[in-house]
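Enquirer: One structure coming up, written as structure tokens, with questions to follow.
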């Protein structure tokens, strides 16, 4: 049945409230990975976004902060960002959203009572609770075989939670080759630091063997603003001579997250990364030269977003996804989602959580869904005003596309 203009908001809200989300990029882990799965109030408070923020309100030397236990760091952040200042930033607001969503009262401001709540939970039960609250169908992890704590889990070949899919992270191959090749040699691959045909062949063997082990949805790398292909660099040569061929042969897309400036402030450690504008010519070159390869793309600089959308309009082997990292703020998500929808229709994925703490699935999707809902309402209102009609089923279909359906259509695979 056709929906009247005055009923659009109700129909869109219902569809978004009910949709099961595919979160196509996270940093969370299933239960096999034990302590690598972060969850609970102290992990929320010591998230690197909040660490960077709290240092703006303190003269504490960085070294003193890093000497603290996690509990001490969480106490410090709670005091500075939630008690001595109102939690109006997106990262601090997110903590409040989580507390409210799991049934706690943010207004009591009692950190110890919150700790008792999380301490009473079994992690397996809490995973189920978070997935239920956030309405997650499945998430895609970030899995790096160069990290020993992750590698040893994969070597065991244990069966994991089907709601947690894998992504093969390959940053070390691309940005740390001078040390990564030594690891490959240690693991039995006949590689040299010099990039010979034999070395490319062995890199491809390494990737294929880990694909057999992980069954990844995609390969992924976070790349710096100066990233360029083609170029006479280790990164570019490995991509064109190893990553691209394996990606095509195995029908596993290559996901590029471009624009991260690592350790602009090394004293902040993980919280010290920054952002830079990248060169869109690299993306267009790869999409043009390798038309049968699939590329998932997100860029960190706001200044890159318009160019990225234009590139995606021209190359159907590009799938744009998410508002990554520093872009994951409601005002920016709104602007970028409108821009993408106005140029790409529904052929993109507006958001991923990038969650490092399990609980963040709750707030990152809660906040993003509200923004996407407003954008869709406006777009439907525009076409209804011009005489078009929409039905409940069509709105449900469109919402399912935006929250993972279009991503799976791009992959041509179901998980």
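The values are calculated or read from the model by the stated rules, or taken from the named source; none is laboratory data. Predicted, not measured: the structure shown is a model, and the values here were computed from it. Cβ: placed from backbone, ideal geometry, glycine included. Neighbour counts: every protein chain shown.
Enquirer: Of the residues in region 1-29, how many are in a loop (DSSP other than H, G, I, E, B) and crowded, with 22+ Cβ neighbours inside 10 Å?
Expert: 5
Enquirer: I want to confirm something. Restricting to region 82-95 and keeping residues that are under 27 Å from the mean Cα position of the chain (by Cα) and free of Cβ contacts under 8 Å to residues at least 24 places away in the same chain, which single residue is farthest from residue 44 (Cα to Cα)?
Expert: Going through the qualifying residues, I end up with 88.
Enquirer: Follow-up question, since we're still on this one. Could you please tell me which pairs satisfy a Cβ distance under 8 Å, a separation of 6+ or placement on different chains, a first residue in region 386-415 that is loosely packed, with under 13 Cβ neighbours inside 10 Å, and a second residue that is part of a loop (DSSP other than H, G, I, E, B)?
Expert: Final answer for the pair search is 389/3; 391/1; 391/3; 412/251; 413/217; 413/251.
Enquirer: Hey, another quick one. Which of the residues belonging to region 269-304 are surrounded by fewer than 21 Cβ atoms within 10 Å (Cβ to Cβ), in contact with a strand residue (DSSP E or B) (Cβ under 6 Å, 6 or more places away or on another chain) and closer than 20 Å to residue 344 by Cα?
Expert: Hits for region 269-304 are 287, 301.
Enquirer: Hey, another quick one. Among helices (runs of 4 or more DSSP H) lying entirely in region 305-399, which contain 1 or more residues that are more than 29 Å from residue 46 (Cβ to Cβ) and in contact with a strand residue (DSSP E or B) (Cβ under 8 Å, 6 or more places away or on another chain)?
Expert: 305-314, 330-344
Enquirer: Also, I was wondering about something else. Helices (runs of 4 or more DSSP H) wholly in region 165-260 with at least 2 residues that are touching a strand residue (DSSP E or B) at 6+ places or on another chain (Cβ under 9 Å) and touching a residue at least 24 places away in the same chain (Cβ under 8 Å) - which ones?
Expert: The qualifying helices (runs of 4 or more DSSP H) are 171-175, 197-214, 244-250.
Enquirer: Of these, 74, 15, which one is closer than 30 Å to residue 403 by Cβ and in contact with a helix residue (DSSP H, G or I) (Cβ under 8 Å, 6 or more places away or on another chain)?
Expert: 15 is the lone residue from the list that is closer than 30 Å to residue 403 by Cβ and in contact with a helix residue (DSSP H, G or I) (Cβ under 8 Å, 6 or more places away or on another chain).
Enquirer: Can we say residue 159 is over 30 Å from residue 229 (Cα atoms), in contact (Cβ under 8 Å) with a residue 60 or more places away in the chain and not in a helix (DSSP H, G or I)?
Expert: Criteria not met by residue 159.
Enquirer: Something else now. Can you spot a residue in region 156-163 that is in contact with a helix residue (DSSP H, G or I) (Cβ under 8 Å, 6 or more places away or on another chain) and buried (at least 18 other Cβ atoms within 10 Å of the Cβ)?
Expert: No: region 156-163 contains no residue that is in contact with a helix residue (DSSP H, G or I) (Cβ under 8 Å, 6 or more places away or on another chain) and buried (at least 18 other Cβ atoms within 10 Å of the Cβ).
Enquirer: Quick one: in region 127-152, of everything that is touching a residue at least 60 places away in the same chain (Cβ under 8 Å) and farther than 19 Å from residue 163 by Cα, which residue is surrounded by the fewest Cβ atoms within 10 Å (Cβ to Cβ)?
Expert: 149
Enquirer: Please determine, by comparing only the residues of region 307-328 that are surrounded by fewer than 18 Cβ atoms within 10 Å (Cβ to Cβ) and within 21 Å of residue 276 (Cβ to Cβ), which one is modelled with the highest pLDDT.
Expert: Out of the qualifying residues, it is 310.
Enquirer: Has region 291-303 got at least one residue that is within 28 Å of residue 53 (Cβ to Cβ), modelled with pLDDT of 95 or more and part of a helix (DSSP H, G or I)?
Expert: yes
Enquirer: Could you figure out which of (1) surrounded by fewer than 22 Cβ atoms within 10 Å (Cβ to Cβ); (2) closer than 30 Å to residue 288 by Cβ; (3) free of Cβ contacts under 8 Å to residues at least 40 places away in the same chain isn't true of residue 340?
Expert: Condition not satisfied by residue 340: (1).
Enquirer: Further question on the same structure: Run residue 117 past the list (1) touching a helix residue (DSSP H, G or I) at 6+ places or on another chain (Cβ under 7 Å); (2) surrounded by 14 or more Cβ atoms within 10 Å (Cβ to Cβ); (3) closer than 15 Å to residue 42 by Cβ and report the number of the one that doesn't hold.
Expert: Only one criterion in (1) touching a helix residue (DSSP H, G or I) at 6+ places or on another chain (Cβ under 7 Å); (2) surrounded by 14 or more Cβ atoms within 10 Å (Cβ to Cβ); (3) closer than 15 Å to residue 42 by Cβ is unmet by residue 117, namely (1).
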